[in-house]
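Heads up: the structure comes next, in structure tokens.
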């Protein structure tokens, strides 16, 4: 997570445990908290209570993903024309850890 002031003259990054040192920012400065999976938050440093800030989750959903998988290099014109469509619901319930596992579960691999 990135934390910075509006002018982007000061910034810091949170570590993997989501903790960050914000001592370089004065108490009257607005801090911007930004992470790809969270809503951006703008807050005055002095308004932070108990050194804790909560960010709202954001769902980043992909509408369509196209994978072309082969065990060896092929020219584009020689690629197979078979397409497998897998809905987001099927992906959620497949419990696959990797794209390869997901394709294998279709029975077409």
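All of the numbers you see were taken from the coordinates with simple rules; none came from a lab. Because the structure is predicted, anything quoted here is derived from the model rather than measured. Virtual Cβ from ideal backbone geometry, glycine too; neighbours counted across all protein chains shown.
Miscellaneous remarks
- Protection proxy ranking, peptides 43-50, 2-9, average beta carbon neighbours within 10 Å, highest first: 2-9, 43-50
- Here the convex hull built on the C-alpha positions of segment 2-47 has a volume of 75 cubic angstrom per residue.
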